[in-house]
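Asks: This is the structure, below, for whatever I ask next.
The values are calculated or read from the model by the stated rules, or taken from the named source; none is laboratory data. What you see is a predicted model; the values in this text were computed from it and never measured. Cβ atoms come from the backbone with ideal geometry, glycine included; neighbour counts cover every protein chain shown. Surface areas here come from the heavy atoms of the whole protein model, side chains and all, with no ligands, DNA or RNA. Shrake-Rupley method; radii C 1.70, N 1.55, O 1.52, S 1.80 Å.
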Amino acid sequence: MILVYGLVTGIFFGIFLQQAQALRFERQVGAMLLKDMTVVKFMLTTIVVASVGIHALQDAGIISFAPRALSLGSQILGGLLFGVGWAIIGYCPGTSIGAIGEGRFHVIWPILGMLLGGIIFALLYPFIQTHIQPLGSFGAISLPQLLGVNHWLVIAALAAGSFFLFRFFERRGL
Amino acid sequence: MHIPERSRPYLFGALSGLLLTASVALAGQFFGTSTTFPRLSTFILTSLGIDLSSLAFAQVRDGALTGAAFPNWQLLFVIGIGLGAFISARASGTFHREHLPELWVSSFGSSQKTRLLYSLAGGSLAMIGARMAGGCPSGHGVSGVSQLGVSSLLAMAMFFIGGITTARFLYASPAAPVSGNNSSARSGRSDNTQGGLS
């Protein structure tokens, strides 16, 4: 049953990404060139809606979750490496799969590259765990915990910040 | 479907937010895709008869990071993204075979070999980075930031800092001609979104 949930959720997400035109190389790289913010609008809207949804469910006691562990070493170094690779290939792992479905068959090369990276990561795994992950490791911590405020205050700030950013993008035609 | 181009990312972004909420409520699963790549790589190598069982990576949580975890929710989610994009592209008449992206060709030429070599390097960096950071734009970006995780906000900021810096270096800005940076980029882009891609 869990597999059926995965497939159906993926199909809907693929449709939404395709309809939002987020599967195009030009849209992805356009965001990094700060010229076409389609992908940023899509991501931020998803985040704002989902953060309201999952925190409401958590407050109602229906679900529980904890954020991923914070490690300054892993997130800073890994995040920067990902960013460099993302700019070169023009896709992230999820959108690369969607782009094949849309007929952009050149993404087969980035997908091969990411599979190669998967192997290299497996080989580097012990090194990363010993030398990078422990750098600035703080465990699972959320922004409301860090700031010592209620999570709805942070969500309200996130929503307001996104709204003004979107207004800025639309005025600039980005 | 007559949905104005401008409202598409907001409308489908909001629907994706509802979808993520429903997925967590019904299946207990947050979005994520990058873990499937090392799983698939190890699955392929193992299928080819290469024994990886001595790797520390293969021993973590009884092989949870390798192909031994298949089939699982995330593998089906990833397959679903491809299927959904195909269905949507076919149904809306936007499916089209693209051999290389225009923006790529304008910076690097039309050789598939060049694209392959850059993709092997770039794809490797992207996947090593995503797994080191603990997620990609779906796992950290969408799922992690929705949970307001400090790690995810930091990873997301780093994704964009790395991406913006590298993209500026790699891609000659096609829509922005010589004169004043801001204003020319602005007018160039609005022409482009109206005419180019619809």
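Asks: What's the number of the condition residue A:14 fails, among (1) closer than 18 Å to residue B:105 by Cα; (2) within 16 Å of the chain's Cα centre (by Cα)?
Replies: Going through (1) closer than 18 Å to residue B:105 by Cα; (2) within 16 Å of the chain's Cα centre (by Cα) one by one, residue A:14 breaks only (1).
Asks: Please state which one of A:120, A:141, A:88, A:108 is closer than 14 Å to residue B:125 by Cβ and surrounded by fewer than 18 Cβ atoms within 10 Å (Cβ to Cβ).
Replies: After ruling out the rest, the residue left standing is A:120.
Asks: Let me ask something additional. Would you be able to say whether some residue in region B:70-85 is without any contact (Cβ under 8 Å) to a residue 12 or more places away in the chain and among the aromatic types (Phe, Trp, Tyr)?
Replies: Within region B:70-85, none of the residues are without any contact (Cβ under 8 Å) to a residue 12 or more places away in the chain and among the aromatic types (Phe, Trp, Tyr).
Asks: Moving on to the next point. Scan region A:56-75 for residues that are aliphatic (A, V, I, L, M), within 20 Å of the chain's Cα centre (by Cα) and open to solvent by less than 60 Å² (accessible area, probe 1.4 Å) and jot them down.
Replies: Listed by number, the residues that qualify are A:69, A:70.
Asks: Name the residue that is nearest to residue A:41 (Cα to Cα), counting only residues in region A:155-174 that are touching a residue at least 12 places away in the same chain (Cβ under 8 Å) and part of a helix (DSSP H, G or I).
Replies: Of everything passing the filter in region A:155-174, A:166 is nearest to residue A:41 (Cα to Cα).
Asks: On the basis of being of a type in the set (A, V, I, L, M), farther than 29 Å from residue A:48 by Cβ and facing chain A (nearest Cβ under 7 Å), does residue B:125 make the cut?
Replies: Yes: the conditions hold for residue B:125.
Asks: What single numbered condition from (1) more than 7 Å from chain B (Cβ to nearest Cβ); (2) over 23 Å from residue B:130 (Cα atoms); (3) open to solvent by less than 20 Å² (accessible area, probe 1.4 Å) fails to hold for residue A:37?
Replies: Looking at each condition in turn, residue A:37 falls short on (2).
Asks: Hey, residue B:52 hits all of (1) facing chain A (nearest Cβ under 8 Å); (2) over 27 Å from residue A:63 (Cβ atoms); (3) in a helix (DSSP H, G or I) but one; which does it fall short on?
Replies: So residue B:52 meets the others, but not (3).
Asks: Let me ask another. Looking at region B:100-135 only, could you name the residues that are open to solvent by 40 Å² or more (accessible area, probe 1.4 Å), in contact with a helix residue (DSSP H, G or I) (Cβ under 6 Å, 6 or more places away or on another chain) and not in a helix (DSSP H, G or I)?
Replies: None - no residue of region B:100-135 is open to solvent by 40 Å² or more (accessible area, probe 1.4 Å), in contact with a helix residue (DSSP H, G or I) (Cβ under 6 Å, 6 or more places away or on another chain) and not in a helix (DSSP H, G or I), so the list stays empty.
Asks: Between residues in region A:121-149 that are farther than 13 Å from residue B:134 by Cβ and residues that are of a type in the set (Phe, Trp, Tyr) and at pLDDT 95 or above, which pairs lie under 6 Å by C-beta distance while being six or more apart or on different chains?
Replies: A:122/B:57
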